[in-house]
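Asker: Structure below; questions to follow.
The values are calculated or read from the model by the stated rules, or taken from the named source; none is laboratory data. These numbers come from a predicted model, not from an experiment. Positions of Cβ are generated from backbone atoms using ideal geometry, with glycine treated the same way; all protein chains shown enter the neighbour counts. The area values use the complete protein model at the heavy-atom level, side chains included, leaving out ligands, DNA and RNA. Shrake-Rupley method; radii C 1.70, N 1.55, O 1.52, S 1.80 Å.
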Amino acid sequence: MTTRIRLAGGFLLGLVLAGGAFAHGDVQPQPVNTDGLDPLGTEWKEENPYRGNAKAVAIGDSGFNQNCARCHGLQMISGGLAPDLRYLPTGKEGDEYFVERMKHGAVVNGVTKMPAFDGVLSQEAMWAIRTYIEAKHEE
Ligand code: HEC
């Protein structure tokens, strides 16, 4: 029963998004081209190394729309499926929170509400997305 409800939800979501950039409700992570950003290596940074970098904002914009918008909303304007990330704290506090989510995703009562992105997106791509999120911050 639960499965059927979840499937129906996914189907409806697919329908809603099919009109936009997310035809077929595709849930595969999309690679993000981070050419032009300084490489970061494999060790996780604690703080956003790209903060305020305009190139990172542009790359993060496209990375976000491909990988996050189907839940968090186009342009980060959430339709209520997932938190509205425009209100994520800025600076190091927000960075730490962001990294935790990227590493572990969100599992609530055994149901994966958000997939983990560690090993799926590069660290460069994730910090570019964080740079974009912070650039659109609202109080
Ligand atoms: C399948 C849907 C889905 C996708 C895709 C997704 N998220 Fe999420 N995300 C969620 C949900 C649902 C939550 C809230 C989980 C909870 O209840 O704790 C969340 C929480 C978060 C939070 C914590 C926000 C807060 O205020 O607590 C951050 C940061 C975040 N997501 C970033 C991202 C980024 C960046 C991407 C893309 C790389 C992404 N998410 C992709 C569903 C998703």
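Asker: For HIS104, HIS137, HIS72, give me the order by solvent-accessible area with a 1.4 Å probe, most accessible first, ignoring ligands, DNA and RNA.
Answerer: Numbers: HIS104 115, HIS137 50, HIS72 20 Å².
Ranked list, largest accessible area first: HIS104, HIS137, HIS72.
Asker: Distance in nm between label sites at VAL108 and LYS45, each 7 Å beyond Cα in the beta-carbon direction?
Answerer: 3.1
Asker: Check the straight Cα-Cα distances from LYS113 and name the aspartates and glutamates below 19 Å, setting aside those fewer than 8 residues away within the same chain.
Answerer: ASP26, ASP84, GLU100
Asker: Give, in nm to one decimal, the length gained when the segment between LYS55 and ILE77 is fully stretched (0.36 nm per residue of separation minus the Cα-Cα distance). The partial results should precede the final answer.
Answerer: Working: separation 22, 0.36 × 22 = 7.92 nm, distance 2.17 nm.
So the chain would gain 5.7 nm between LYS55 and ILE77.
Asker: Relative contact order (percent) for segment 26-135, with alpha-carbon contacts under 8 angstrom and 6 or more residues of separation? Mind showing how you got there, number by number?
Answerer: Numbers: 144 pairs, mean separation 43.6, N = 110.
Once normalised by length, the contact order is 40 percent.
Asker: When all protein chains stay in place, what accessible area (Å², nearest 10, 1.4 Å probe) is found for ASP35?
Answerer: 110
Asker: Still on this structure, please answer the following. Just to make sure I understand: if all protein chains stay in place, what is the order of ARG51, ARG130 by accessible area at 1.4 Å, largest first?
Answerer: Details: ARG51 90, ARG130 0 Å².
Descending order: ARG51, ARG130.
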